[in-house]
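Computed from the coordinates by the stated procedures, all read-outs in this text should not be read as laboratory data. In this text the structure is predicted, and so the values were computed from the model without any measurement. Backbone-built Cβ (ideal geometry, glycine too); neighbour counts: all protein chains shown.
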Amino acid sequence: MTTTSPAHRLAVGASFLLLASAAFHTVVLLLVGGPWDGPVSWRKPITFGLSFGVSVLTVTWICSLLPPAARTRALLLGAFTSAALLETSLITLQAWRGVPAHFNTETTFDTAVTRALAFGGVVLIAVVIALTIAALRPNPATAPSMRLALRAGLVALTLSMAAGAVMIAYGLTLESAGRAADAYQSAGFLRPAHAVTMHAVLLLPSLAWLLSRTRRPEAERLRLIRLTVAAYGAIAALVTAAATVGLTLAGPATTAAVSAAITIAPALAFFAFGGSPVTREPTRKPTRKPLKTGRTGYV
């Protein structure tokens, strides 16, 4: 998939639109005010715009590093972009209407929005799983350090999607039992884990890309990526365990917003400079000196 393909242009345009939406609604929050937490808040358009804007940029970049054919990559990128736009648009619509987006079945329209959000989530999960499977396939053209970073990042993103699915399923269970208030209050208990694991797919390959621009040999770069993956995994496991038992240093919504915000700069930088695959270093063949022989001086 080239950088001028329609899927690439659509994804890039959508990502900047999502980031612009997050910035706009941040201004709205500052001018209008209102709660940061809760089922009805300007926080939702902000965090969804940030997270999906960064995620679409990330998927746009890493698709060029994966082995599937260009048509398959374009299809996956298009599906991911469309689902991200659907999710953020519906969340934003409900925020402007002043009603909850998730677990809301008060009216026929609200029920349709809730079901559409669930459908978008299914599409996102399917695309992420497909990308993860692609990353786990052999790809000799990509450096081992980048392969590991991509695989670890996509596995983390899969876990993030799984956490989101668990929260949605739990909330829908409570809502169907007539406990909508409990769903709004407790269904987001895994949001810190969801946020922390979501953007590993940007940060880890970004580190591998940066290391590839240094004079470090590939063996050392691979060792550093392994250490980083282990450290990131330990942090994610700690955050997930703490969230499961209800222990958080900050609120789930704040954790999600901060996690998305700190990845904007790397996302923009690697969209601009990290589009080309990091390939395996070529093996240099020793140069043979010509052999002198006879009066001509050479063979």
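Mind checking the full-extension length gain between SER5 and VAL166? Use 0.36 nm per residue of separation minus the Cα-Cα distance, one decimal, nm.
54.4 nm
Report the net charge of residues surrounding GLY49, where surrounding means a beta-carbon distance below 15 angstrom and charges are Lys +1, Arg +1, Asp -1, Glu -1.
+1
Which net charge results when you count Lys and Arg as +1 and Asp and Glu as -1 among the other residues whose beta-carbon is under 12 Å from that of ASP37?
Counting the neighbours of ASP37, the net charge comes to +3.
Counting Lys and Arg as +1 and Asp and Glu as -1, each charge on the Cβ, what is the dipole of segment 6-273 about the Cα centre in debye, to the nearest 20?
The calculation lands at about 980 debye.
Stretched out fully, how many nm does the piece from ALA141 to ILE235 gain, at 0.36 nm a residue minus the Cα gap?
Net length gain for the segment: 30.8 nm.
If you take every residue apart from HIS25 with its C-beta less than 11 Å away from the C-beta of HIS25, what net charge results, scoring Lys and Arg +1 and Asp and Glu -1?
+2
At a Förster distance of 22 Å, what's the computed FRET efficiency of THR244 paired with ALA118, Cβ-Cβ distance as r, to 0.05?
0.45
Rounded to two decimals, what is the ratio between the C-alpha radius of gyration of segment 34-110 and 2.2 N^0.38 Å?
Relative to the rule-of-thumb radius for its length, segment 34-110 sits at 1.36.
In segment 15-77, if every C-alpha pair distance is counted and binned at 10 Å from zero, what percent goes to each bin?
Pair shares across the bins are 23, 36, 22, 15, 5.
Pulled fully out, how much extra length does the chain show between VAL27 and THR214, if you take 0.36 nm times their separation in residues and subtract their Cα-Cα distance?
Result for the pair: 63.3 nm of gain on full extension.
What's the Cα-based Rg to Rh of segment 6-273, Rh via Kirkwood?
0.97
Along the charge dipole of segment 6-273, which of PRO140, SER206, THR26 sits closest to the positive end, that is, farthest toward it, with unit charges on the beta carbon of Lys, Arg, Asp and Glu (+1, +1, -1, -1)?
Highest projection toward the positive end goes to PRO140.
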